[in-house]
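The values are calculated or read from the model by the stated rules, or taken from the named source; none is laboratory data. Every value quoted in this text rests on a predicted model; they were computed, and no experiment measured them. Glycine gets a Cβ as well: all are built from the backbone with ideal geometry, and neighbour counts include every protein chain shown. Each accessible area value is taken on the protein alone, full model and side chains, heavy atoms only, with ligands, DNA and RNA left out. Shrake-Rupley method; radii C 1.70, N 1.55, O 1.52, S 1.80 Å.
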Amino acid sequence: MTQFQFRFETLLKIHESTRDAAAAEVGQANEAIAKIEMQINELETQRQQSRSAASDAASGTNPSPDQLLTLGRYGLQLQAEHTALVQTLTQLQTERDRRQSRLADCETEVKRLERLREVKQDQFHADQLRRDQAIIDDQAASRHQRRNMV
């Protein structure tokens, strides 16, 4: 009995490895986004502390102008860093979306080839059953003829 061989097995394996690589790229993008989001959260905490310190310094009995200017500059620096991180986050999310789209395309192609393999395998098994049945029918007919001759 012959074994089923899918003609496009190599192509399927190539598409599977491409899909796996695309999934890894999506994972890397998600990790980068998580890091940026963590940095943004830390920056938000620092900004809140800076505002609180500026508020405390301004509400004192004799606020120092140098201290208020320093806190103001620090707040502006934190705001600029926050803006840069948000822009980076937006770019990373766009890149992740592009990678997810590529992953979906790869997944579709793999599923298409897997479905083709299933269909071809079912056809192979049906053909094999027909051949086996034909052999069995021929053997039964031969036996029947031999018995009728005797």
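One residue is enough: does segment 49-57 have a residue meeting the conditions closer than 30 Å to residue 12 by Cβ and part of a helix (DSSP H, G or I)?
No.
Name the residue, out of 41, 30, that is under 26 Å from residue 83 (Cα atoms), touching a residue at least 12 places away in the same chain (Cβ under 8 Å) and open to solvent by 50 Å² or more (accessible area, probe 1.4 Å).
Exactly one of 41, 30 is under 26 Å from residue 83 (Cα atoms), touching a residue at least 12 places away in the same chain (Cβ under 8 Å) and open to solvent by 50 Å² or more (accessible area, probe 1.4 Å), namely 30.
Hey, does segment 47-69 have a residue that's in contact with a helix residue (DSSP H, G or I) (Cβ under 9 Å, 6 or more places away or on another chain) and under 22 Å from residue 98 (Cβ atoms)?
No, that holds for no residue.
Just need a number here: residues in segment 76-122 that are open to solvent by 90 Å² or more (accessible area, probe 1.4 Å) and not charged (D, E, K, R).
Result for segment 76-122: 4.
Would you be able to tell me the number of residues in segment 67-115 that are over 23 Å from the mean Cα position of the chain (by Cα) and in contact (Cβ under 8 Å) with a residue 60 or more places away in the chain?
0
Check whether at least one residue in segment 60-80 is closer than 30 Å to residue 12 by Cβ, among the charged types (D, E, K, R) and in a helix (DSSP H, G or I), and report yes or no.
no
Report every pair of residues separated by at least 6 positions or lying on different chains whose Cβ atoms are under 8 Å apart, first residue within segment 44-58 and surrounded by 13 or more Cβ atoms within 10 Å (Cβ to Cβ), second outside any helix (DSSP H, G or I).
Correct list of pairs: 57/63; 57/64.
Restricting attention to segment 8-27, which residues are touching a Lys or Arg at 6+ places or on another chain (Cβ under 8 Å) and either of a type in the set (A, V, I, L, M, F, W, C) or open to solvent by 60 Å² or more (accessible area, probe 1.4 Å) (or both)?
8, 12, 22, 25, 26, listed by residue number.
Check residue 4 against each of (1) touching a helix residue (DSSP H, G or I) at 6+ places or on another chain (Cβ under 6 Å); (2) farther than 30 Å from residue 127 by Cβ and name the one condition it does not meet.
(2)
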